[in-house]
1. Can you work out which of the residues in segment 1-24 that are open to solvent by less than 60 Å² (accessible area, probe 1.4 Å) and in a loop (DSSP other than H, G, I, E, B) is nearest to A172 (Cα to Cα)?
2. Taking into account only those residues within segment 367-410 that are among the hydroxyl-bearing types (S, T, Y), over 17 Å from L256 (Cα atoms) and not in a strand (DSSP E or B), which is nearest to the chain's Cα centre (by Cα)?
3. Being hydroxyl-bearing (S, T, Y) and within 21 Å of A254 (Cα to Cα) is the filter here, so list the residues in segment 369-399 that pass it.
4. Of all residues in segment 47-70, which are part of a strand (DSSP E or B) and open to solvent by 10 Å² or more (accessible area, probe 1.4 Å)?
5. Regarding segment 130-144, can at least one residue be identified that is without any contact (Cβ under 8 Å) to a residue 40 or more places away in the chain and either open to solvent by 20 Å² or more (accessible area, probe 1.4 Å) or charged (D, E, K, R) (or both)?
6. Considering only segment 157-173, how many residues are open to solvent by 60 Å² or more (accessible area, probe 1.4 Å) and either part of a strand (DSSP E or B) or farther than 30 Å from V312 by Cβ (or both)?
7. Take the residues of segment 88-102 that are of a type outside the set (F, W, Y) and farther than 17 Å from T16 by Cβ: which is least open to solvent (accessible area, probe 1.4 Å)?
8. What number of residues within segment 58-101 satisfy the criterion of being within 11 Å of D11 (Cβ to Cβ) and of a type in the set (A, V, I, L, M, F, W, C)?
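The values are calculated or read from the model by the stated rules, or taken from the named source; none is laboratory data. Bear in mind the structure is a predicted one, so any value in this text is a computation, not a measurement. Quick reminder, even Gly has a Cβ in these numbers, built from the backbone with ideal geometry, and neighbours come from all protein chains shown. Ligands, DNA and RNA are stripped out before the accessible areas are found, and what is left, the full protein with its side chains, is counted by its heavy atoms. Shrake-Rupley method; radii C 1.70, N 1.55, O 1.52, S 1.80 Å.
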Amino acid sequence: MADRVTVIGWDGSPLTDAARSALGAATLVAGAAHHLALPEIPAGAERIRLGSVSLAGRRIARHRGTAVVLADGDPGFFGVVRTLRAPAFGLEVEVVPAVSSVAQAFARAGMPWDDAQVVVAHRRTLRRAVNVCRAHTKVAVLTSPGAGPAELGLLLGPVQRTFVICEELGTAREQVSVVTSDKAADHTWRDPNVVIVIGGPVTADTGWIAGREPAGAPRGWALPAPAFGDGLGGGPVGRLGEGESERVRAIQLARLGPRVGDLVWDIGSGAGVFAAEAARFGAAVIAVDRDPEACARAESLARRFRVQLQTVHGTAPHVLEDLPEPDVVRVGGGGAAVVSAVADRRPERIVTHAATRDEAELVGRDLTEHGYAVECSLLQSVELDTRAWTERERAVAFVITAERPSGNGD
C-alpha cells in the first residue's frame with residue numbers, strides 16, 4: 001500500500017530535476033487534464049483525473065507503488081497538500097513547490113502583494129469573498145466555476161473596483177485583462193483564473209506583517225469623540241448621540257463582533273463613528289442615513305481611518321430593500337419598525353438601543369416573535385473628573401441584542 005506521495009507544483013515553467021525524478025519513478029499520477037498530458041509521465045503509469053482530492057487520496061492510499069500528484073502553482077497554498085495530509089489517508093507527503101498563482105498574478109500586474117488579502121471563492125464562500133473585496137483596497141481572489149470575475153462584479157453592484165484578471169497563468173493561453181468591476185459580467189472568462197481586486201488608495205508603506213495595514217490608527221476600540229477629529233467641512237464631530245457614546249458603542253461592537261468576511265449594516269449611522277470602527281475590524285460596512293451630511297461625515301471618517309465603507313442616503317426601512325444580505329446589523333435610528341424590517345432579513349445578530357423601558361419592551365417583543373434570542377441591558381455610565389471627582393458626563397440607555405439561534409432552518 002502507498003504510504004508516500006510526492007506533490008509537484010507546476011507553474012508552466014520547465015519541471016525541476018526533483019520533479020522529473022519523482023515523475024519518472026511514478027506508477028500512479030493524479031492531476032488535471034493538462035498535467036496528465038505532460039511528456040515526463042511514464043507511459044505505463046496509471047493516470048487519475050483529479051476532481052475530488054479526497055477521492056484521489058483514498059485511491060492513492062490503496063495504491064501499491066509510487067504515487068505523484070500534480071497541481072497548479074504552489075500546492076501548499078490553498079492547495080491539495082492540506083487534504084492529502086489528513087490522518088485518514090495515512091500518507092507521508094513530500095512537496096516539490098512552484099510559484100503560487102497569486103504570486104504570478106501580482107508579478108504580471110507589476111504590483112507588490114505583501115499588503116493584499118487572499119481569499120478563495122467557491123459558490124458557498126462567494127458572498128464572503130465579495131465582502132472582503134468591499135472592505136479592503138487590495139484583494140487576490142482565487143476563483144472557481146460559478147464564482148469567477150463575472151459573479152464578483154455582479155455582487156459588488158454599485159461598489160466600483162478595478163479587476164486585474166489573470167487567465168490560465170503559466171500556459172500558452174495565458175491572458176491578463178484590466179476591467180472595471182461593472183464590466184466583468186460582459187465577458188466569459190476562462191478557468192482557472194486569479195482576480196486582483198483594487199479599490200481606493202493603496203498604501204505606500206511597507207508595514208511589517210503581510211495582509212494587514214501598517215500601524216498608525218489609534219490604539220483601542222470604542223474611541224472617544226476627540227479621536228475622530230474634524231468632521232464635515234473641517235468642523236468638529238461634536239457631541240455624539242446617545243447611541244454613539246463610547247460606552248454604548250463598546251457593548252454594541254462586542255455583541256456584534258464584526259470580522260473579515262462580514263457585511264455590517266449601520267442604520268442611522270449619525271456621525272459615522274460606529275461604521276468607521278466596525279470597518280477597522282476588517283468587515284465590509286454599509287452606513288445608511290437619511291441625512292446627506294451624515295453620509296458625508298461617515299465618508300470623511302473612513303478616509304481618516306484609512307478604511308473602506310459604502311454610504312447609502314435614504315430612509316429606512318424602504319432603503320434597505322435593495323441592499324445585499326447583512327451578517328450583523330446595528331440599528332442606530334428608526335425605532336421598532338426598522339428593527340422589525342431588519343429581522344425579516346435574518347442577519348445573525350442585531351443590536352440597537354432604546355431610551356425608555358417601553359421602547360425597549362416593544363423592540364424586544366418584536367425580535368422574540370421573529371425567533372431571535374433577546375438580551376436587554378440597562379447601561380448606565382458616569383464619566384468623572386478624577387481631579388475633583390465631579391461628574392462630567394452621564395449616559396443611560398437600554399441596549400438590546402438579538403441573536404439568531406443556530407439550527408433554526410435559516
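1. Checked segment 1-24; the qualifying residue nearest to A172 (Cα to Cα) is G12.
2. Our first condition is that a residue be among the hydroxyl-bearing types (S, T, Y); within segment 367-410, this holds for 368, 372, 377, 381, 386, 390, 401, 406.
From what's left, over 17 Å from L256 (Cα atoms): 368, 381, 386, 390.
With not in a strand (DSSP E or B) added as a condition, the list becomes 368, 386.
Details: T368: 30, T386: 42 Å.
Residue satisfying both the conditions and the ranking: T368.
3. Listed by number, the residues that qualify are Y372, S377, S381.
4. Just the residues of segment 47-70 that are part of a strand (DSSP E or B), to begin with: 47-49, 67-70.
Matches in segment 47-70: R47, I48, R49.
5. no
6. Restricting attention to segment 157-173, the residues satisfying the condition of being open to solvent by 60 Å² or more (accessible area, probe 1.4 Å) are 158, 160, 172-173.
Going one step further and asking which of them are either part of a strand (DSSP E or B) or farther than 30 Å from V312 by Cβ (or both), we end up with 172-173.
Total satisfying the criteria: 2.
7. Among them, the one singled out is V102.
8. Selection size over segment 58-101: 3.
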